[in-house]
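S.K.: Sharing a structure here in structure tokens format.
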């Protein structure tokens, strides 16, 4: 697999970031057309859906034409249905499955060939991080939601040992993580924002500082400014957030200018759709993703379930990939009070604005139509005044007749998959 063609293709991917944006968009459209043609010829479900819509790939001549194509969803990636997404050029049993945790309530599985995983897991990930300042052989600590046995297996692989990449299981005890972390002395840290805050809380309570970090990368959860500030202040370095998913890996990434997330346009075609039309710049819209580099199981117009905005900003960082901004939350994630739907991210914003820098972590749980619990892990800046401000702002948002119980906690557990949901309901 690793031959002169692989090296040449990798070099092309690395160069693409600095090409003029019009050239990048031309490359993206060419790859999209190739993907549509390939899928129509080789993948059962797309041939069926093109035919049902009375279309062929030749009918897709503009972004608006893409709206004529049916979407696919997590439902199509479940059970035996997923086999209809596999290309006839590949043997199903030779492919590598990647499963989601089902944090949205719908666990799915995607399949990849070895060569596509190489570009997605190594080239794509290295490219964005190198652009932000990562250098080969910098010691890297990756906090992942894997068992200790799986972490040991990964850490024993020669390529990871050569590249100074060390995995840590977030299910290990904080004390064991602390000991190994301080022994490794990583310059680069990668993990869930919520876990890193838990780890920082542990280190600070034990009066342990750490100033050897060059940069922190976060992914897999929505990152807010309070979390960013807390992590950057503790590690005394910049944080770069990454937007991605199991189905696609890293879709977009932050650069040093922090004007949004650069879309990896040579790997993905992203649509921002609202009410069946392409949304205007800087307007909330549903993200629909098409993969451009995965032939074994191409995903075309996949409804990933997130809400974001295509950006009108231009970035001066040197990367000319287009920008997206404000990943607000998941489509359909809301709580209902008095018949009114309130998106999770609006409740999240109210709590952040009320609590500011007085907490490490919070969780808002709707227990009944008229009762909520707010769990807090606080620092020494928290006070009765902050508590009163929090309750007052929540009452203005969800109603004064809602019972609001504020509970101070030593620990707030993440979900079984390692991710953290700051707003949830036991009613759904």
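S.K.: Please determine, by comparing only the residues of segment 204-237 that are assigned to a loop (DSSP other than H, G, I, E, B) and under 15 Å from the mean Cα position of the chain (by Cα), which one is nearest to residue 352 (Cα to Cα).
M.R.: This residue is 224.
S.K.: I'd like to verify a number: residues in segment 104-158 that are free of Cβ contacts under 8 Å to residues at least 60 places away in the same chain, assigned by TED's automatic domain parsing to the domain that holds residue 300 and surrounded by fewer than 13 Cβ atoms within 10 Å (Cβ to Cβ), how many?
M.R.: Number satisfying all stated conditions: 1.
S.K.: Here are 190, 234: which of them is modelled with pLDDT of 95 or more and within 26 Å of residue 99 (Cα to Cα)?
M.R.: On inspection, the qualifying residue turns out to be 190.
S.K.: Residue 251 passes all but one of (1) touching a residue at least 40 places away in the same chain (Cβ under 8 Å); (2) farther than 16 Å from residue 191 by Cα; (3) surrounded by 22 or more Cβ atoms within 10 Å (Cβ to Cβ); (4) in contact with a strand residue (DSSP E or B) (Cβ under 9 Å, 6 or more places away or on another chain); which number fails?
M.R.: The single condition residue 251 does not satisfy is (1).
S.K.: Right, something else. Among the residues of segment 350-372, which ones are within 21 Å of residue 385 (Cβ to Cβ), assigned to a loop (DSSP other than H, G, I, E, B) and at pLDDT 90 or above?
M.R.: Across segment 350-372, the qualifying residue is only 358.
S.K.: Going through segment 195-221 one residue at a time, which ones are crowded, with 22+ Cβ neighbours inside 10 Å and modelled with pLDDT under 90?
M.R.: 220
S.K.: Right, next: Would you please name the residue that is farthest from the chain's Cα centre (by Cα), looking only at residues in segment 167-194 that are buried (at least 21 other Cβ atoms within 10 Å of the Cβ) and under 19 Å from residue 125 (Cα atoms)?
M.R.: Across segment 167-194, the extreme among qualifying residues is 186.
S.K.: Before we move on, is residue 240 assigned to a strand (DSSP E or B), closer than 28 Å to residue 357 by Cα and touching a residue at least 60 places away in the same chain (Cβ under 8 Å)?
M.R.: In short, yes.
S.K.: Taking the condition of being surrounded by 14 or more Cβ atoms within 10 Å (Cβ to Cβ) and free of Cβ contacts under 8 Å to residues at least 24 places away in the same chain, how many residues in segment 30-67 meet it?
M.R.: The qualifying residues number 6.
S.K.: Every residue in segment 69-81 that is more than 22 Å from the chain's Cα centre (by Cα) and surrounded by 12 or more Cβ atoms within 10 Å (Cβ to Cβ), please.
M.R.: 69, 70, 81
The values are calculated or read from the model by the stated rules, or taken from the named source; none is laboratory data. Everything numeric in this text was worked out from a predicted model, so none of it was measured. We place every Cβ from the backbone using ideal geometry, glycine too, and count neighbours over all the protein chains shown.
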